[in-house]
Every structure is written in C-alpha cells, then in structure tokens.
C-alpha cells in the first residue's frame, strides 16, 4: 500500500490517498475525529503500531495518531488521539514549539522529533507508553541549547534544535537566537510571515538529520543532549526539503534533484551525489517525498508548484545497489500515479 499526502488547504486534497499495485483504493484513508480536522497534511510515519500524520494547517498545528483497521486489504486508518498539539494565546499566537508541523521522526528511546515551519525549530516530545500521545515539556529539551546562553536564554517549550531568529511573526515567545555556527536553523520572512524554514527530519545511529532549507544545508545533532555536530559535506548545492534513510544511505530531495550519500554521523563524511532528476515529459519543478517497498522498488513524488491540479506525478523505479557504500542506481522508471488532483507531498509504503 502506498499512502500519499497532498499540499491541501483551501481547494486542495486534505486527506490521504491509498494506492495498491498502482490502483487508487481510496481518497480518504484517514478517518479523523471531525471531518474538518485535516488540512495541509505533510509527513506520514509508521511507528509503534500506529500511523502518525503531521497536520500542518496553522489553526490546527498538531500531529495526529491513527490505527489501521484490521485486514490485509483494508485501506482505512481510524483516529486514536492527538499526539502533540500547538498552544495558542488568546490573540491566536503560537506559545510552544509546535506550529505548522512538517515532519517527524522517532528515535533515541521514547522520543519523537518534530520539525515546525512557523517556529522554525525541531521539537522533542516524550512518547507515552502506548505510543499514542507525546508531551513536549517546558523550555529547552536540549542540554546543549541550555548551556549556550545559561542562565539568560529563553526557548519555546519543547525546543531541541533552535532558530537563528527567535523573534518570529505570530509567535508569542521571543526565543533566544541560536547562531548558525551553533546549529541555529535558517529562516526567511516575507510580508510579515515565515516564508522558508526547517523541513524534513530523519534519525539514524543516535543522530538527528535536519533539512535547513533557507541555508541549503543538512544539519546534524546528537540525540544525546542535542549537541550540534555540524553541517553536511560537499555535493548539496540547493535547498533540501525531504529525507529518507534506506540501506545505509541518506536520500535528499533538493529542488529538481534527488541526492544520495552513504550515511555517516560525521558531517564531513557525507558526500552527496545526484542520482535522479525529473524525467522528460513530466510537468514538475521539484522532487518531493520518496519511499521504498520490500521488493527493491522506490516511489518518487514529482511536484509542480503548490496546489497545482492535474500536474506532477508519482513514479516507481527499481533500485540496484551492490552494498550500502555503493551509489544506488534507479532504473525502469514508470508512472505509478499521474494526473494528480493536488501537489503530492510525502509518500509512505506499508506492507499489505
């Protein structure tokens, strides 16, 4: 089963499509508590026996937890709980780190790491025993951040990786600025709104990998204490948005290119090489999410702008790779889903 989230919002697709063997099975895979709860869905993550969905609409700003219905061919996921939520002031400003969530990754014991575009931070949540709920705690969740400016620093509740600019539009708390050299995430503001900020996150071998889109970097942080390890090595020349860890490699969607590097927890050892570009004949401007199945195939989302109707596509490729240190080769590319009703964002393959 291939699950697809879309850009959504007004006039867009605000639920998840489920495909199987290239056939669309449902346009409403998620069954929320209330029909209007879903909007601007982003990352889809399978963990702890649940499906987690980043619900990006600013007035919602939460991560929702769902449970797949029984049956190998059942393409429905029922609402369980709100995993993490934003806190709003009486004026509608964000009060904690959760704001316009984009992605999430589990790792480091009972923790989840959530990227948030409007606060431009990565939050760390403590995961409940049953996995259905998370709590972000008070202030910094990173000993490293706290030590940078102790005792006079201020961080949004739950912050694990901070922003270069702590004073952001529609955020009530003015957080301490974190310099780039100390791991602060880049952000750009336009017309009084956050325009570009943190994107995807991934966890591997005790390390958090973060897409810093404005600075065109992959930043690395230790899960133990949040220590900033540095930025990724050569080969990353444009803005990264999506990550995937697979068979010893880190895949990065960056503009119209898909990049790959053998994984390492040493930033200088990451050496990105382009392995895929947008196929001829596909109306698209960028590459979005990717996911792998258990049969040696990869699925790639091609995006044409934001909310474009009938453009962009999802392609399926075969993957050949001699060993985890060898650059993978994609072949036999073919459309898996085309004429999409909205811009595809994230893909997730689940075994049926």
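Nothing in this text is a laboratory measurement; each read-out follows from the coordinates by a stated rule. Just so it is clear, the model here is predicted, and its values are computed rather than measured. So basically every Cβ, Gly included, is an ideal-geometry build from the backbone, and we count neighbours across all protein chains shown.
Things worth noting here:
- Calculated Rg and Dmax of segment 105-208 using C-alpha coordinates, Å: 13.6, 43
- Result for the chain in a Gaussian network model with C-alpha springs under 10 Å: among 254, 47, 29, the largest mean-square fluctuation is at 47.
- A helix-only calculation puts the chain at -500 deg cm²/dmol for mean residue ellipticity at 222 nm, using -39500 (n - 2.57) for each DSSP H run of at least four residues, averaged over all residues.
- Summarising the label geometry, the points placed 7 Å from Cα in the beta-carbon direction at residue 90 and residue 130 lie 3.5 nm from one another.
- Mean separation of Cα contacts under 8 Å, 6 or more apart, over the residue count of segment 40-166: relative contact order %: 18
- Spin-label model, residue 177/residue 237: points 7 Å from Cα along the beta carbon direction are separated by 3.1 nm.
- Counting beta carbons within 10 Å around each of 204, 260 and listing the fewest first gives the order 204, 260.
- If you take the Cα centroid of segment 137-156 and the Cα centroid of segment 233-268, the two points sit 29 Å apart.
- Remark on segment 177-267: hydrodynamic radius 13.4 angstrom, per the Kirkwood mean of 1/r across alpha carbon pairs.
- Cα centroid separation - segment 5-59 against segment 284-347, whole Å: 18
- Option label - Kirkwood radius over Cα pairs in Å computed here, alternatives (i) 24.0; (ii) 25.4; (iii) 20.2: (iii)
- For the chain, built as a Gaussian network whose Cα springs stay under 10 Å, the top-fluctuating residue of 98, 290, 278: 278
- Gain on full extension, evaluated as 0.36 nm per residue between residue 138 and residue 10 minus their Cα-Cα distance, stands at 42.7 nm.
- Added length on full extension, which subtracts the Cα-Cα distance from 0.36 nm per residue, residue 352 to residue 322: 8.1 nm
- Whole-number percent relative contact order across the chain, with pairs defined as alpha carbons under 8 Å at least 6 apart: 12
- Most fluctuating residue given options 117, 69, 327, as computed from a GNM of the chain linking Cα atoms under 10 Å: 69
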